[in-house]
1. Among B:PHE166, B:PHE141, which is the only one that is within 12 Å of chain A (Cβ to nearest Cβ), over 22 Å from A:GLY78 (Cα atoms) and not in a loop (DSSP other than H, G, I, E, B)?
2. Name every residue in the stretch B:40-63 that is more than 18 Å from the chain's Cα centre (by Cα), at pLDDT 70 or above and surrounded by 14 or more Cβ atoms within 10 Å (Cβ to Cβ), in order of residue number.
3. Does any residue in the stretch A:94-116 that is closer than 20 Å to A:VAL32 by Cα and touching a residue at least 40 places away in the same chain (Cβ under 8 Å) come within less than 7 Å, Cβ to Cβ, of a residue that is of a type in the set (D, E, K, R) and assigned to a strand (DSSP E or B) six or more places away or on a different chain, and which pairs are these?
4. For the stretch B:144-155, name all the residues that are surrounded by fewer than 21 Cβ atoms within 10 Å (Cβ to Cβ), facing another protein chain (nearest Cβ under 9 Å) and part of a loop (DSSP other than H, G, I, E, B).
5. Name, by its number, the condition in (1) modelled with pLDDT of 95 or more; (2) more than 29 Å from A:THR36 (Cα to Cα); (3) not basic (Lys, Arg) that does not hold for B:VAL110.
6. For a quick check of your reading of the model, give me the residue pairs whose first member lies in the stretch A:7-21 and is free of Cβ contacts under 8 Å to residues at least 60 places away in the same chain, whose second is of a type in the set (Val, Ile, Thr) and in a loop (DSSP other than H, G, I, E, B), with beta-carbon atoms closer than 8 Å and at least 6 apart or on different chains.
7. At pLDDT below 95 and either assigned to a strand (DSSP E or B) or out of contact with any Gly (no Cβ under 9 Å at 6 or more places or on another chain) (or both): is that true of B:TYR88 in this structure?
8. Go through the stretch B:82-100 and count every residue that is surrounded by fewer than 17 Cβ atoms within 10 Å (Cβ to Cβ) and more than 16 Å from B:TRP207 (Cβ to Cβ).
Amino acid sequence: MQYEILARPASSVVKVSMNQGEHLTCEVGAMVAMSTRMTVETTTQKKGASGGGIMKGLKRLFAGESLFINHFTAQSDGQYIILGPTMMGDVVHHRLDNATLIVQGGSWLASDPDIEIDASFQGLGKAFFSGEGAFWVKCSGSGDLFMNSFGAIYPVEVDGDYIVDTGHIVAFEDTLNFNVQKAGASWIGSFLGGEGLVCRFQGKGIVYCQSHNPSSFGSSLGPSLKPRQS
Amino acid sequence: MSFTITQRPDFALVTVQLQSGQTYHSEPGAMATMSPNIELKASLKGGLMSSISRGLGGESLIISSYTSKGGEGEITFAAGQPGDALHYALDGSTDIYLQRGAYLANSEGVEITSKWQGMRGFFSGEGLILLKAHGNGDLFFNSYGAIIELDVEDDVYVDTGFIVAFESTLNYQVTTLPGARPGTNWKSLFLGGEGLVCRFSGRGKVWIQTRQIATYLNWVHRYRPVQKSN
């Protein structure tokens, strides 16, 4: 499997070339174009921890609480697929080597099927921050992983303590300890300062950060938009 | 006629040098700057029927025309949305089909009409109602996000929302992904999000965009204020 990231940094897509029998697991809706000798299969992953069953699964589907995943398999050599995210921003590749990376839900784009994906990870809390739809994907194993960001993406090698606003986290290695806390000394100061909650990382490992916070952008657009019915 | 395209791929700007008496046409509002000796006229170019045909193709009924009077002139064009732009030299042998909204500008000698897609376009839900550029001259088209050129030798699938333009030498068909056909795997069709794609076959070029306005609008939608019912 080979890859190439095109049109960086604001309109990035990744082109993954695959030979017969190779697989790729992708976020649903990420496929822009692909060659024809590929097959697709859709499965779901629960977001957040909750029970299973078909009816519950359907309920989650309409509540937008499931992560839908497409598995692409090349049926012959020289096949390719182009994947793109929704928002303006970059795509980055990360190689997992028997390790775990925790990826913000909207940033997970694709990964090697040998990497186990668990969207029910709740270590960072769910309703706490980042608004609705926030969830985390725990990626464990070995293989290639692709993530996307809103704006530019930059890795920070943490050695000691480091603080990242929760809306700017793309992913982090689980070798890091983390806890969510308020940014300032007082709650009032934290929220008035616009930095409601931050994540304090401790230890040694990589944190991928994005230059822009999607929910800040959305919130700044909101007041200019026409109200919706529901 | 000479031209340059600068600021690719995120903020493409097309600059065209006009000779004395030469005319250029564009979608309304596309002109960013121009020499003072260029005269602008808005018209239903090609007559009412041709305009209605363009309207069916998702473009404005009105075409802006720019004529350089009493000497050379320079004009720059940019699309409403940030994105890429490309040039194609039509020589009468191959036509170009443009997706809704992709038309930017053209020189004299190029005719823009719509092509009724029949059920193919109707079914896609993406408004695969295409404009057709035909004739001898220069054509400029634009995208949201970067434009990537695919040289089709073997068949290729493109999500219908990512098609910008393609050469008329290609055959195309709106279809579903393999494994996503009804009866084989209903989940992929309904939950896969990638249900409808355009399959291109034969030889020719397809230009695809790396982002889609529709998905961006879906993202923005959740930030709209909710209307209070009285």
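1. B:PHE166
2. Scanning the stretch B:40-63 gives a single hit, B:LEU44.
3. Hits for this filter: A:TRP108/A:GLU27; A:LEU109/A:GLU27; A:ALA110/A:GLU27; A:SER111/A:ASP144; A:ASP112/A:ASP144.
4. Residues satisfying the conditions are B:ASP154, B:ASP155.
5. (1)
6. Matching pairs, first to second residue: A:ALA7/B:THR210.
7. Against the criterion (at pLDDT below 95 and either assigned to a strand (DSSP E or B) or out of contact with any Gly (no Cβ under 9 Å at 6 or more places or on another chain) (or both)), B:TYR88 does not qualify.
8. Result for the stretch B:82-100: 3.
The values are calculated or read from the model by the stated rules, or taken from the named source; none is laboratory data. Computed from a predicted model, the values in this text were never measured in an experiment. Cβ atoms come from the backbone with ideal geometry, glycine included; neighbour counts cover every protein chain shown.
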